[in-house]
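I have placed the structure first, in the form of structure tokens, so that the comments after it can refer back to it.
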């Protein structure tokens, strides 16, 4: 199914964005500083790729839950049912990776435990682009996306898992049917969140405490956060040299997989921050059947002229 968002009144949009105060602001990264962060991230990833290891992307997806937000209908908003959920099993959700000609192959589906309902893994292989070849990567690059669907009412647990994986090194291991073991979670190269912005719904999220519990990360990671207006809520606390903001958002939008997949593929091709942001916007425009010029301002990273603008 193709999803079309109903128009949101301007006053409601403003109210949602101001529903909870963002964390205390830090100095925003400049475009040049952000590019430096990306360079160092690519240097680190290239060492794994040159050694024949895959590029691993971890993403946490709290399912759309009708008791929290409007999801369209009861089936789309059943946060206990991955098989019908808006964010997981629609063409705009993570079924986007299964579309014809996507370049991705689904290689793993497994149930979870507790509030983790299902894990899916997709794989694709890319020829190393110039940015990787310049760093000594000669062989084809294998990319894995490890997507975890969380119970909709357990969105806080999904948020905590995202922050812990971004700020810590503890892996989440997934074994494929052929015996391939993937080290995801805190061992991933990129960590993403796709779903409702639950940080809007809490008075204050304890990022400092989460960082202490995560134990710190020994290496940089790419950060993707796709939900309504993630940049003002997450960038001040999380965007750093070791959690490089590849893609965040500035406004209300549908938290689907299309922009996420665009950003991931652009990063895997060695793209710049500007290219990553553009690829995400292009995919979103395609998936939502909207003009690129209309959706492009929704997405941001340090290459964007409006990054951290108030």
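No value in this document is a laboratory result; all are computed from the given coordinates. Remember, it's a predicted structure, so these values are computed and weren't measured experimentally. Quick reminder, even Gly has a Cβ in these numbers, built from the backbone with ideal geometry, and neighbours come from all protein chains shown.
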Arrange the following residues from fewest to most other Cβ atoms within 10 Å of their Cβ: 175, 305.
305, 175
Proxy exposure order for 306, 116, 49 (fewest C-beta within 10 Å first) is 306, 116, 49
Simple spin-label estimate for residue 293/residue 129, 7 Å along Cα→Cβ, in nm, reads 2.6 nm
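When the helices in the chain are scored as -39500 (n - 2.57) per DSSP H run of 4 or longer and the sum is shared across all residues, what 222 nm value do you end up with, to the nearest 500 deg cm²/dmol? Spell out each step's value before the answer.
Values: 9 runs with 94 residues, N = 310.
Calculated at 222 nm, the ellipticity per residue is -9000 deg cm²/dmol.
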Between region 120-160 and region 56-106, how many Å separate their Cα centres?
17 Å
Determine the distance separating the Cα centre of region 224-238 from the Cα centre of region 265-310; give it in Å without decimals.
15 Å
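So how much slack lies between residue 74 and residue 32, counting 0.36 nm per residue of separation and subtracting their Cα-Cα distance, in nm? Mind dumping the intermediate values first?
Numbers: separation 42, 0.36 × 42 = 15.12 nm, distance 4.61 nm.
Length gained between residue 74 and residue 32: 10.5 nm.
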